[in-house]
Amino acid sequence: MCFEAPWRIARLHATNVGPYLDDLSSRLAAEGYAHQTIRGYLRAAEHLATWAARRRIALRSWDDSVLAGFGRHLARCACIKANKGRFDGAVAGARVLLAHLGACGVVAPAPERTRQYAAPVEAFSEWMLRHRGITTGTAGVYRRLLQPFVGALGEDPARYTVSSIRGCVIEHLGNAGRSHAQLVTSAIRAYLRFLVAEGRVRAGLEHSVPTVPHWRLSTLPRCLEAPDVERVLASRDLTTEGGLRDHAILLLLARLSRRGGDIAATMLADIDWRAGSLRVRGKGRRQVRLPLPQDAGDAILAYLERGRPIVETEWLFITLKAPKRPLASPATVAFLAGAALDRAGIVNLPTRGAHLLRHSAATAMLRAGGSLETISGVLRHSSLETTAICAKVDVSMLQQVAQPWPGGARC
C-alpha cells in the first residue's frame, strides 16, 4: 500500500472494502500508476465505503446507481478539500474500485456502456461503415451530430419536408461557427443520401440542406518554413520515453505528411524494415506503402528500444501514463504537435494542429519542384483538386506570373 502512516492503513482496512485494497494498490502500481494517483484512489475508496455504510448499502449491491449517488454526495461534501482530493479524482477512484470489485467477483461486473441512438441513425452508421469506408470514430461523430437533428424532425423520415429540414438546420446552426456548421450539414446530407438510397425519402431531398458559405482557394494554406520545422523536430528531449515517442511522431508528420488519424492507427506490422517502407491506412480504406525516411526510421527504432512500454498490443504508439494503451484519437496527435510548436517558440499561428506540419511538408515538396501528381500520391489525396490548394503556397512563383493591373490604374 502507498501509505506509511499506520493510522491511515488501519482506517482503510477497517472499511468493508479493506480486504481488497492491497490487491488494488498492487495492481495499479504494476500498471504504472503514480503513487500520488494511487493514494488518491484509495482515499476515494475509503470515502465511498464510508458513505455507503452510513446509508446501509450492502457491498454486493454496489452498481452504477451507487456511483451516481456518490457523485451527487461529492458535489456538496466538505471533506474533499480536507482529503486533499478533487471531485474528478474521487469519482475516478470510485469507478476504479467498482471495476476491481467486479473483477474479483464481489459485485456484478458493470455492463458495457453503449449510447442509445435512434434506429435510423444506427442503420445509417452501419451503412456508412460498410459502403463508404469511414472509420468507427467518424461514424461516432456523425451519430452525435445527427442526434439533435433527428430529435427535432422525428424518427419517421416520411414526414421530412424541405421547409422542415431547412428550418431545423437554420435554428440549430444559426449561431454556430463556419467549421462546425460545415461538419453538421455534411453529416445531415450524408444521412439524407442514405435515406434516399433506402427509398425512405424522395430523391433530391438532400439538396434542401442549406450550404455554408465558403470560397474555395480564397486563402493561402498555413505552413511553416523549413528552419521552423527543424526547430519543432528538435524541441523534444530525447533522453525521456515521452521525448522519443513524440520525436518519432513529429518526424512522421513532417517527413511523410501523415494525418493525425494515420499516426494513431499505426501498428507494428505496418513497418517493413527490410524494404524500408511504411503501410499507411488512409481514408476510405485506402492503403498505400510509402518509403520510410532514414531519420524517421531511426526515431521509431529508438522509441521501440528505449521508450515504448512493454504492453500486449500491436499498436505502435502508446500513452505515457497508466493505464498504458494506444493513443485515443487524432486529437492526441494534434495536442502533441501543438505542444511542440510551443516548445519551439513558434507563436501567432492561425492553426496549431498536426495538419500544419502536413501542409508544410507539401509546401516543401512543391518548392523543390515536385509535381502535383507526386505530391498527391504522398498526401494520399483522391483528387488533384485537393492537392492544387498547395500550389498557392509558393508566393514568389505566383508573383512572377501575376499580370500588372490594366492601364496602370490603381485598384
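Brief remarks on what is shown
- When Arg258 is tested against (1) in contact with a strand residue (DSSP E or B) (Cβ under 9 Å, 6 or more places away or on another chain); (2) part of a helix (DSSP H, G or I), exactly one condition is not met: (2).
- Qualifying residue in the range 194-215 (condition: outside any loop (DSSP other than H, G, I, E, B) and within 27 Å of the chain's Cα centre (by Cα)): yes
- Out of Asp237, Asp228, one residue alone is part of a loop (DSSP other than H, G, I, E, B) and farther than 16 Å from Phe124 by Cα. It is Asp237.
- Listed conditions (1) touching a helix residue (DSSP H, G or I) at 6+ places or on another chain (Cβ under 9 Å); (2) within 30 Å of Thr37 (Cα to Cα); (3) surrounded by fewer than 18 Cβ atoms within 10 Å (Cβ to Cβ) are all met by Thr386, apart from (2).
- Residue within the range 49-60 that is in contact with a Cys (Cβ under 7 Å, 6 or more places away or on another chain) and either in a helix (DSSP H, G or I) or not polar (S, T, N, Q) (or both) present: no
- Evaluation of Arg245 against (1) more than 19 Å from Gly353 (Cβ to Cβ); (2) outside any loop (DSSP other than H, G, I, E, B) (one fails), failing number: (1)
- Members of the range 334-363 that are modelled with pLDDT of 80 or more, more than 14 Å from Arg258 (Cβ to Cβ), assigned to a helix (DSSP H, G or I) and more than 17 Å from the chain's Cα centre (by Cα): Ala340, Leu341, Asp342, Arg343
- Wholly within the range 108-187, helices (runs of 4 or more DSSP H) carrying at least 3 residues that are at pLDDT 85 or above and in contact with a Pro (Cβ under 7 Å, 6 or more places away or on another chain): 162-173
- Breaking point among (1) part of a helix (DSSP H, G or I); (2) modelled with pLDDT under 85, for Arg95: (2)
- Residue check for Ala354: under 30 Å from Gly32 (Cβ atoms) and surrounded by 14 or more Cβ atoms within 10 Å (Cβ to Cβ): yes
- Conditions (1) modelled with pLDDT of 85 or more; (2) closer than 30 Å to Leu320 by Cβ; (3) in contact with a Leu (Cβ under 7 Å, 6 or more places away or on another chain): number failed by Trp62: (2)
- Condition met for His180 (surrounded by fewer than 13 Cβ atoms within 10 Å (Cβ to Cβ) and without any contact (Cβ under 8 Å) to a residue 40 or more places away in the chain): yes
- Looking at Leu67, Leu24, Leu12, just one residue is crowded, with 21+ Cβ neighbours inside 10 Å, touching a residue at least 24 places away in the same chain (Cβ under 8 Å) and of a type in the set (A, V, I, L, M, F, W, C), and that residue is Leu24.
- Matching option when the condition is buried (at least 21 other Cβ atoms within 10 Å of the Cβ) and not aliphatic (A, V, I, L, M), among Arg325, Arg258: Arg258
- Of the residues making up the range 313-325, one or more are free of Cβ contacts under 8 Å to residues at least 60 places away in the same chain, assigned to a strand (DSSP E or B) and within 22 Å of Leu244 (Cβ to Cβ).
- Within the range 1-47, the set of residues being modelled with pLDDT of 85 or more and not in a helix (DSSP H, G or I) comprises Thr15, Asn16, Val17.
- Looking only at the range 305-333, and only at residues there that are among the small types (Gly, Ala, Ser) and farther than 19 Å from Leu233 by Cβ, the one that is farthest from the chain's Cα centre (by Cα): Ala322
- Residue within the range 296-303 that is closer than 30 Å to Gln36 by Cβ, surrounded by 13 or more Cβ atoms within 10 Å (Cβ to Cβ), modelled with pLDDT of 90 or more and not charged (D, E, K, R) present: yes
- Residue match in the range 389-407 (condition: surrounded by 13 or more Cβ atoms within 10 Å (Cβ to Cβ), modelled with pLDDT of 65 or more and either among the acidic types (Asp, Glu) or assigned to a helix (DSSP H, G or I) (or both)): yes
The values are calculated or read from the model by the stated rules, or taken from the named source; none is laboratory data. Computed from a prediction, not measured in an experiment: that's the story for all the values here. Neighbour counts run over all protein chains shown; Cβ positions are idealised from the backbone, glycine included.
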